[in-house]
Amino acid sequence: MAAASAKLANRILFGLVVGLVAGVITLALGAKYPGLLAKAQWVSREIFDPAGQVFLRLLFFVIIPLVFASLAAGVVQLGRLDKLGPLAGKTFGLFGLNMIIGVALGLVMMDVVQPGRAIGAETREELRVAYASDAAKHIATNEKQEAMDFGAVVEMFMPRNLLGAITGQNRASIGEVLPLILFALLVGAVGVGLVEKKRQQLLGGLELVAELMTGIVHYALLLAPYAVPMMIYSVVVKIGVEILFALGLFVLGTLAVMALHLFGTMSLWLKFFAKRSPLAFFKIVKPVLITAFSTSSSAATMAASLAVCKDDLKLKPSVGGFVIPLGATMNMSGTALYEGCVVLFVAQVFGPELASGSS
């Protein structure tokens, strides 16, 4: 498994480099031949973007059923509901602390590097004009949102139309994950109380669904070496060199602080709480790291994580089945870190000053 994952990762990285180099060459030629750049942007918009979406949509397909099946199966495998409370408490406590540390690291990096300042004033104005309408739509949407009170929390986790919330209100929506998590926990809790024969039938059905979704993920990964270069080429020819340089600083800084969070913070958890050797642990989970880096997808990585937890780390199926789906959907310390960096990057590009004490 590790050898196959490493080979796939190498192919995807090679494709990424090819797409990046081809995009830069196109920009260089486009400076002399504007018509060529316009045609390349058309090809990117009409062909490469949709082709890249085929890869991404295959991964999106499996998110809802895979999260539900894995989480419900994890609760059923606990066997007793009194085991759920301590496990859930430790899990959510670690998730919260992890995200706080991740956000703090990201904000410090952005304050030191300030990649948004690398974009010139003229380019900033062009971006401001280009995205003014989108910004106005987001502002209008946020102004309509209700205050976060107890009623809003209930609506967030328990919508009147569960199926509609999970499946999404339109074709462009993935669906809401929080109601799905609650529903999966309820199904698992009821499943624990079933007689042994029915409990095993339920568990077998949930595991079958998870296995089927994992198979779809494998199909998606076969497209990754071809989809990734098309997507990166499209991004490069549409955003230009100056913005690419600023984004490069942003990406490198974010990746550096993410690596610090992954191999630094996680190593402390492993050393002092799990009593494991960080080096030995990261060697074991190498397939998971490769899959995550290659696909940038929680859906694709979750399948690899479940397999490694079961086969290599020798964790109890109930623990892995409970923690991994929640981690893939709620333990977004990397996402929290990234989004904090994005907020400061946008502020640096468009002008508003955000000090550490700003609200």
Just a yes or no: is a residue in the range 19-36 at pLDDT 85 or above and under 30 Å from L212 (Cα atoms)?
no
Wholly enclosed helices (runs of 4 or more DSSP H) of the range 147-245 bearing at least 2 residues modelled with pLDDT of 80 or more and loosely packed, with under 13 Cβ neighbours inside 10 Å
196-239
For the range 264-286, give me the residue count where each residue is loosely packed, with under 13 Cβ neighbours inside 10 Å and part of a helix (DSSP H, G or I).
7
For F55, state whether it is modelled with pLDDT of 85 or more, in a helix (DSSP H, G or I), under 30 Å from Y226 (Cβ atoms) and among the aromatic types (F, W, Y).
no
Members of the range 49-97 that are of a type in the set (V, I, T) and farther than 22 Å from G334 by Cβ
V54, V75, V76
K144 fails exactly one of (1) among the charged types (D, E, K, R); (2) within 27 Å of the chain's Cα centre (by Cα); (3) under 30 Å from G30 (Cα atoms); (4) modelled with pLDDT under 70, namely (3)
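The values are calculated or read from the model by the stated rules, or taken from the named source; none is laboratory data. The model shown is predicted, which means the values in this text are computed figures rather than measured ones. Here Cβ is always computed from backbone atoms with ideal geometry, including for glycine, and neighbour counts include all displayed protein chains.
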